[in-house]
Amino acid sequence: MENKIQENTTDVIKTAVVTIIGRPSAGKSTFLNTACQEPVSIVSPIPQTTRNAIKGIVNTSYGQLVFIDTPGYHDSEKKFNLKLKAVTEEQMSGTDCVLYIIDCTRVPGEEELHTVELVKASASKTVIAINKSDIAGASSKIQTVRKFLKEALPEIPENRILEMSAEKDTGINEVLKALYDISPVGEPLYSEELYTDQDLTFRICEVIRGEAINRLKDEIPHAVYVEVADVEHRNEGKKLWIRAFLCVERDSQKGIVIGKGASMIKEIRTAAIKKLSEIYIQKIDLDLQVKVDKNWRQHDYTINRLVNN
């Protein structure tokens, strides 16, 4: 990060579970990765990338913040999107703090008001981060957002409405400090060495899906999920062998994901191996194939299996 939070001069250690909320593409996952200094959550220009409540852990001298990155909160009556909204709403109950990230490049509208309604019940424990403060002409846009927030959330004091650039890593420390200020005193929930609690299979799925959606276009990124069929530790634990499937909804999508001469699936596989090699010390061997799970976003069983509250 750009600089360390000023060292804690007291013996008080705080711990909080912090739910991150905001509209799609507000910068929630980018913030999480920057704050944790590790690739915890998929970052993509494709909206609605996050599908689960993903934890990222930040440890400083002040204590421990356990962030929960939630799916972008937006209006949609599609079955799959309703499930994603339910994940976000579920995480709002029982959380110690809320971090509401708002994108200053978009004029607040009806959808932002719906997000505000979700935040209102937790206003006393909410910090707001106005993101993308580094863009050209940000000053006037930020003032528009501040006016909106003053009218929509008057309960939240100005010292808890901060500006940041999650991508450029500016203002992150101030956001963390504001969250520590309202966090309860308590012992850490996780070991200081951990930056996420994701298990091996979930992490593999997210890495492969992230590399796929950043290379695919139109509706296909939303129609893709990853199924890990096998994971084996080979060569006395020196090699991690993985067999996984990129699953799509239709046969026509399968051909696009494979690509001409299998060019696309090879590119995704190579990128996923590189990313996994940055996370795990073992040599990665990935057998990646494509299969069709027809209209899976309409199937409750598949949706419930993929999206966990």
Next on the checklist: Which of rounded, prolate or oblate describes region 120-168 when judged by the alpha-carbon gyration tensor and an a/c cut-off of 1.5?
Outcome noted: oblate
Checklist entry - Got a sec? Charge dipole of the chain, +1 on Cβ for Lys and Arg, -1 for Asp and Glu; which of ALA35, ALA16, ALA121 is way out at the positive end? => result ALA35
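Using the Cα centre as the reference, give the magnitude of the dipole from point charges on the C-beta atoms of the chain (Lys, Arg: +1; Asp, Glu: -1; all else neutral), rounded to the nearest 20 debye.
Dipole size: approximately 1020 debye.
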Item to check | Solvent exposure of the chain as accessible area per residue, Å², 1.4 Å probe | outcome: 47
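Quickly estimate the mean residue ellipticity at 222 nm for the chain, helices only: each DSSP H run with n ≥ 4 gives -39500 (n - 2.57), and the total goes over all residues, rounded to 500.
Details: 9 runs with 105 residues, N = 309.
The helix contribution divided over the chain gives -10500 deg cm²/dmol.
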Item to check | Ordering of 147-159, 118-130 by packing [mean C-beta count within 10 Å, highest first] | outcome: 118-130, 147-159
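Only sites in a loop by DSSP and with at most 14 other Cβ atoms within 10 Å count here; which GluC sites (Glu not before Pro) in region 202-309 make the cut?
Qualifying residues, ordered by number: GLU219, GLU236.
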Checklist outcome for this item: Expressed as a percent, the accessible surface of the chain that is carbon or sulfur, using a 1.4 Å probe and the full set of protein chains, is 49
Item to check | Relative contact order of the chain, pairs being alpha-carbon contacts under 8 Å that are 6 or more residues apart, as % | outcome: 19
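The values are calculated or read from the model by the stated rules, or taken from the named source; none is laboratory data. Just so you know, these numbers come straight off a predicted model, no measurement behind them. Ideal geometry is used to build each Cβ from the backbone, glycine not excepted, and the neighbour counts take in all protein chains shown. To get the accessible areas, we keep the full protein, side chains included, count just its heavy atoms, and leave off ligands, DNA and RNA. Shrake-Rupley method; radii C 1.70, N 1.55, O 1.52, S 1.80 Å.
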